1. Would you check which residues across the range 172-193 are part of a loop (DSSP other than H, G, I, E, B) and under 15 Å from Leu101 (Cβ atoms) and list them?
2. Kindly indicate whether Ile37 is under 26 Å from His173 (Cβ atoms) and either in contact (Cβ under 8 Å) with a residue 12 or more places away in the chain or more than 12 Å from the ligand (Cβ to nearest atom) (or both).
3. Testing Lys24 on (1) farther than 20 Å from Phe196 by Cβ; (2) more than 14 Å from the ligand (Cβ to nearest atom); (3) surrounded by 14 or more Cβ atoms within 10 Å (Cβ to Cβ); (4) not aliphatic (A, V, I, L, M), one condition comes back false. Which one is that?
4. Kindly indicate whether Glu144 is surrounded by fewer than 21 Cβ atoms within 10 Å (Cβ to Cβ) and closer than 22 Å to Arg32 by Cβ.
5. Just to be sure before I move on: is Gly121 surrounded by 13 or more Cβ atoms within 10 Å (Cβ to Cβ), outside any helix (DSSP H, G or I) and modelled with pLDDT of 95 or more in the structure I sent?
6. Go through (1) more than 10 Å from the ligand (Cβ to nearest atom); (2) under 15 Å from the mean Cα position of the chain (by Cα); (3) β-branched (Val, Ile, Thr) for Thr104 and report which single condition fails.
7. Would you confirm whether any residue within the range 94-112 is in a strand (DSSP E or B), under 30 Å from Asn169 (Cβ atoms) and modelled with pLDDT of 95 or more?
Amino acid sequence: MILSTLRSLFYRYGEKVFSHRTLKNLHIDLWRMRARIIHRRRGLTPPSPKLHLGCGGRKVTGWLNVDVIGSDYDIDLGQGWLPWRNNSLEAVVSQHVVEHLDLTRELVPLFRELKRACKPGAELYISCPDMEKACKFYFDDKGEEMLFNRKSRFPSFDLGGVPTVQMINDLFHREGEHKNLFDLELMKWLLETSGFSQVERIEEADLLDRFPEFPARNDDYVSLYVKAVA
Ligand SMILES: C[S@@+](CC[C@H](N)C(=O)[O-])C[C@H]1O[C@@H](n2cnc3c(N)ncnc32)[C@H](O)[C@@H]1O
């Protein structure tokens with residue numbers, strides 16, 4: 001009731017009252033609040049021991065696909081705890097989600113919770129934009145190759161005359177949605193601080209070899225892929 005009133009006020013007056021930036025943040029924060037309110041139980045047995053974290057529109061059959069909205073189990077990944085019982089997960093995959101969360105306030109508690117919920121030896125696969133590659137793109141050609149790659153994946157993509165360096169800005173900021181980019185050192189710190197080990201850089205093909213049911217993103221050129229063990 002409160003949520004639907006807030007939502008209708010938001011849709012009716014939002015654009016008149018708020019900046020685009022504030023509106024976007026309010027939008028996701030309303031979803032996060034909704035997820036926190038509707039799912040409060042702890043100690044649950046997951047319907048699948050394979051967790052797809054931040055699935056977006058790419059739900060994968062046989063996996064428990066979670067996101068803040070529209071998923072198998074809507075959850076705010078920044079809430080500091082996970083609903084699943086200890087030692088109940090065998091694999092976790094998360095692609096291009098960690099950059100949306102605050103490093104120390106949200107990601108460290110999230111990964112500590114993942115470690116708690118994982119069986120010893122469970123595999124963790126994470127991908128996100130690669131800070132090292134972003135910096136290299138700037139010094140190599142100020143984003144021209146990035147633009148070429150993006151156009152080969154999304155032919156209608158167009159920068160509208162803005163210099164190609166904007167591709168790199170977008171990777172860092174994504175209209176304020178991205179909180180941090182990672183290089184291998186920072187990712188290793190996050191995972192080891194949270195109790196994971198054997199952190200290694202991999203490629204998308206390694207993830208797809210292990211779990212062929214995942215649709216390819218073809219994004220090695222811009223992404224950091226890592227594997228770790230619980
Ligand atoms: C760039 S999309 C990636 C989606 C998908 N993994 C893919 O590879 O296409 C980032 C996803 O993270 C989710 N996300 C961001 N912040 C979140 C949060 N606090 N709780 C749950 N999901 C969140 C978004 O809803 C979105 O689906």
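The values are calculated or read from the model by the stated rules, or taken from the named source; none is laboratory data. Please read these numbers as outputs of a predicted model, since none were measured by experiment. Cβ sites come from the backbone with ideal geometry, for glycine too, and all protein chains shown count toward neighbours.
1. Glu177, His178, Lys179, Asn180, Leu181
2. Details: under 26 Å from His173 (Cβ atoms): no; either in contact (Cβ under 8 Å) with a residue 12 or more places away in the chain or more than 12 Å from the ligand (Cβ to nearest atom) (or both): yes.
When the stated conditions are applied, Ile37 does not pass them.
3. (2)
4. Judged against the criteria, Glu144 is not a match.
5. Values: surrounded by 13 or more Cβ atoms within 10 Å (Cβ to Cβ): no; outside any helix (DSSP H, G or I): yes; modelled with pLDDT of 95 or more: yes.
No, not satisfied.
6. (2)
7. Yes, the range 94-112 contains a residue that is in a strand (DSSP E or B), under 30 Å from Asn169 (Cβ atoms) and modelled with pLDDT of 95 or more.
Here's the yes/no breakdown for (1) in contact with a strand residue (DSSP E or B) (Cβ under 6 Å, 6 or more places away or on another chain); (2) within 16 Å of the ligand (Cβ to nearest atom):
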site: Pro163; (1), (2): no, no
site: Met187; (1), (2): yes, no
site: Phe196; (1), (2): yes, no
site: Asp209; (1), (2): no, no
site: Asp219; (1), (2): no, yes
